[in-house]
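The values are calculated or read from the model by the stated rules, or taken from the named source; none is laboratory data. Every value quoted in this text rests on a predicted model; they were computed, and no experiment measured them. Note that we place each Cβ from the backbone using ideal geometry, even for glycine, and neighbour counts take in every protein chain shown. With ligands, DNA and RNA removed, areas are computed over all heavy atoms of the protein, side chains included. Shrake-Rupley method; radii C 1.70, N 1.55, O 1.52, S 1.80 Å.
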Amino acid sequence: MRRHADPADPSRAASMWNGAAPSLYRIMRVLAALLVGVLVPLTFDLSVAAQTVSNRLKSRTAAVPGEQARMLVEAQELVYNEKNNSVEARGDVQINYKGRLLEADRVIWNRSTGRVYAEGNARLTEADGSIAYADRFDLTEDFKTGFIDSLRVTGSNRTYFSSPRAERSEGETTTFENGTYTACEPCRDNPDRPPLWQVRAKRIIHKNDEQMIYYEDATLAFLGIPIAYVPFFSAPDPTVKRKSGLLAPRFLYKPQLGFGAGVPIFWDLAPNYDLTFTPTVLTRQGFLGEVEWRHRLENGMYFVRATGITQLDREAFLTPPYGAANHIVRGAIESSGQLNLTDKWRFGWDGAILSDKFFYSDYRMPNTFLTNSYFFREQSSTAYLTGKSDHAYFDLRGFYFQGLTANDYQAQQPIVAPMLEYNRRFDVAPERSFGIGGEFQLDVNAMNQYARAANYAFAGGRQLDSLYSLYDVCSVYNRSDCLLRGIGGDYARGTVEASWKRKYIDPLGEVWTPFTFVRATGSYVNYDTNRVYSIYNQFLQPLPNAAQSNFIGADNTARAQVFPGGGLEWRYPFFANTAIGTMVLEPIAQIVVRPNGPIGSQNSLINIDSQSLVFDDTNLFDWNRFSGYDRFETGTRLNYGAQYTLNFRNGGYLNMMAGQSYQLAGQNAYATADAANIGLSSGLDTRVSDYIGRISFSPSSIFSFTAKGRFDPTNFKPRRIDLVASANLSNDLTASLQYASYESQPLIGYEVRRQGISAAGKYNITKNYFVNGNVIFDLSRHFYNGVLGTAPLFSVAGLGVGGGYQDDCTLFTVNYTSIYEGGSIGRNQTITFGLQLRTLGDARVSSALANVPVSDGIKSQ
């Protein structure tokens, strides 16, 4: 073995190599051999020994001012070959240079040619963590340029290249001859087994400086079987998150549109904004264009998307009001954004402008502004200014609604602007408030809305117009036969409410909470009486705005009202610590005192924002159970009940609650109907309310069950039942089941009992394969026999079945959906295939299997 020692004097070392002291040179060689035999493995610093091992290395280092180019070599043996002017490292060789680590059984550095050869379990680790394995490396001194035999590259993000012969150029470009690429991890038990998918190409060129990969004569193979060929394509390398170019194509089929294919073109214009243009060709309707601009700012972001088409065959769709056959040019403009003005204030918007209400459903455009993501019902646009702090909340916004089914009459959709919501809470110490203390709260709500047409509905169920059989109408526009759910004209209201409460705990542990409040409301209504719409019912009567006076009194009316009140709440929790867990039993009683009616103007019968009233466990002890500000409770009411909670020591729990409400004195607001009859049939419209109850049980994280109900106080007959169960039986099986049954409420428009069951589940058959499904049964459809025809008890209202395959590099899904949509019974069936290849992109193909001519704007084919 030959190795030159590191002399203390570089000038003497140089003379040794020139043969000036041959005897001393031989002695030093012997000493070096002895040292190597003792120091195994030996770490050798070539930059320290630069003068003796490589004068050239010393000159390179000196030529890079300020850069610490230290080459560290670790090996079992290090041999200098004077004849060939080379240095050979043997046994567990590791060479670290400029962030790159070369490892091999044997490495030879030829000083004359400046080449480094590594072989035997050779691998090169880059600074980014990617690793190149090879039978042999032939590289320059800096490892940047050279040739590699039997190359296999593992990227830092779990991507894999291979090639029998590759060339590396300046550390920036690697050319794989007859190369392969995949994001699938090799099989550990059988590395020679082909991955699920891979790209094979005559030449793969990876340019790090461009962050691009170019494929020439490429085929896509699944399980080693080629299924697609392209002469050339390129893609960003797997480390790139944004790159200009073509995105994954989109495919669709629908009888009214024909076959369609689109390829998004993406421009990465800057790190914070980009543009995407998606041309789609439809064989029946022509060219559909979509352009999307996205921009991220220092204090927020926004996007704008425009979609449009000039239809070639508009006769594929039904004529109005069932469809949009009268439109040639159709499209939508959408935008959403949010700006953080300060750490507490935000301004934003979400909205869309449509050419017609059938555009989304006809062209199956995904949209975030819809209340239903696939089968479309309603689109909502809003702009808002919001402020939030620890004790206050401010929200100012406006709304525009557009119904998206044939049953929606746009003139009845209101424009709401502005709508103001403000809340401020004050926690006051007793010593600073003459001993009062407690929590003071201020709530402000104001709104203004306008709709062109009044929204009427028959009180005994549904009564449709005879001309189109689409719109809710009434036989006679009076309060005994009809409901007024929306104002035709202007309606404005403002409400200010101040409240106080304080909690006291006595020596026995009883919790007493006195409270008081006062609400002041002002409102104004102005009918749009000049409008009479050409929608006729079975008696050939028009839909008039002027008939609103039959429901809510005189036109052009202003009202001002004050509602004061107060009360006391009592709770007495009992605690117990048992072997199975901790228990809390808490009886609760509350009395709320209010006058029989408002102070000031007569109570308005207009109800716009309080039409959702559900009496259950969540609002048993609310001071006011109406959902909005147009209605308010009156009289004196006693609320009482109890709840029990058991927290198991294993983390599970059991919670039960039951209670009732009793109108002690004064006028019962729930028995006093407004223009929409809200309050009637609510379970609160009698002196003694219905019973309400809840049971929530979760013995562990595996299973949970919740039952909620409202029951007749005389015979305990269930009037409203909600059951929800979910199970996570293992990592492989999850399921959920829901059941709802609500008794008929003809006084508010629900003529028959409403019942339904929904179930959903997912099962992982193996580590990679899964199936999922969901179904919704409408159990009330059979009640309509004689009107809509005979229907079975378990009528399927919605069905979804799917499955797929997923691993570290691939996701494949197939889903079938069948759902009833529109105002009548009708099915829409769709099958969707999705394929996602990690790092390459994804593709989705959707096809409408059948379109039944209901009220959805689609003509049967």
For region 664-678, how many residues meet the condition of being open to solvent by less than 20 Å² (accessible area, probe 1.4 Å) and in a helix (DSSP H, G or I)?
2
How many residues are in a strand (DSSP E or B), modelled with pLDDT under 90 and under 30 Å from residue 398 (Cβ atoms) when one looks only at region 447-481?
4
Look at residue 79 and say whether it is open to solvent by less than 70 Å² (accessible area, probe 1.4 Å) and out of contact with any Asp or Glu (no Cβ under 6 Å at 6 or more places or on another chain).
no
Exactly one of 473, 511 is under 30 Å from residue 584 (Cβ atoms) and open to solvent by less than 30 Å² (accessible area, probe 1.4 Å), and that residue is 511
Show me the strands (runs of 3 or more DSSP E) found entirely inside region 550-596 where at least 3 residues are in contact with a Gly (Cβ under 6 Å, 6 or more places away or on another chain).
557-571, 581-593
Being open to solvent by 70 Å² or more (accessible area, probe 1.4 Å) and charged (D, E, K, R) is true for just one of 170, 119. Which residue is that?
170
Can you name the number of the only condition in (1) in a strand (DSSP E or B); (2) open to solvent by 20 Å² or more (accessible area, probe 1.4 Å); (3) modelled with pLDDT under 95 that residue 343 fails?
(1)
Just the residues that are among the polar types (S, T, N, Q) and within 26 Å of the chain's Cα centre (by Cα), please, taken from region 707-742.
726, 728, 730, 731, 734, 736, 738
For region 734-754, indicate whether the set of residues that are within 30 Å of residue 464 (Cβ to Cβ), open to solvent by less than 40 Å² (accessible area, probe 1.4 Å) and in contact with a helix residue (DSSP H, G or I) (Cβ under 7 Å, 6 or more places away or on another chain) is non-empty.
yes
Which pairs have Cβ atoms under 6 Å, sit 6 or more apart or on different chains, and link a residue in region 288-300 that is part of a strand (DSSP E or B) to one that is of a type in the set (Gly, Ala, Ser)?
289/308; 291/306
Give 629, 640 a once-over and let me know the one that is part of a loop (DSSP other than H, G, I, E, B), of a type in the set (Ser, Thr, Tyr) and open to solvent by 20 Å² or more (accessible area, probe 1.4 Å).
629
May I ask you to list the residues in region 301-332 that are more than 21 Å from residue 246 (Cα to Cα) and either among the polar types (S, T, N, Q) or assigned to a helix (DSSP H, G or I) (or both)?
310, 311, 314, 315, 316, 319, 326
Go through region 89-102 and count every residue that is in a strand (DSSP E or B) and open to solvent by 30 Å² or more (accessible area, probe 1.4 Å).
6
Could you tell me whether residue 618 is part of a loop (DSSP other than H, G, I, E, B) and in contact with a helix residue (DSSP H, G or I) (Cβ under 7 Å, 6 or more places away or on another chain)?
no
Single match in 387, 435 (criterion: open to solvent by 40 Å² or more (accessible area, probe 1.4 Å) and either out of contact with any Ser or Thr (no Cβ under 7 Å at 6 or more places or on another chain) or not in a strand (DSSP E or B) (or both)):
435
Scan region 486-529 residue by residue and report those that are assigned to a loop (DSSP other than H, G, I, E, B) and of a type in the set (A, V, I, L, M).
487, 508
Going by what's in this entry, would residue 811 be described as open to solvent by 60 Å² or more (accessible area, probe 1.4 Å) and out of contact with any Phe, Trp or Tyr (no Cβ under 7 Å at 6 or more places or on another chain)?
no
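Every residue, every condition in (1) at pLDDT 95 or above; (2) in contact with a Phe, Trp or Tyr (Cβ under 7 Å, 6 or more places away or on another chain), yes or no:
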site: 535; (1), (2): no, yes
site: 548; (1), (2): no, yes
site: 565; (1), (2): yes, yes
site: 572; (1), (2): yes, no
Take residue 694 and tell me if it is at pLDDT 95 or above, open to solvent by 50 Å² or more (accessible area, probe 1.4 Å), among the basic types (Lys, Arg) and out of contact with any Cys (no Cβ under 8 Å at 6 or more places or on another chain).
no
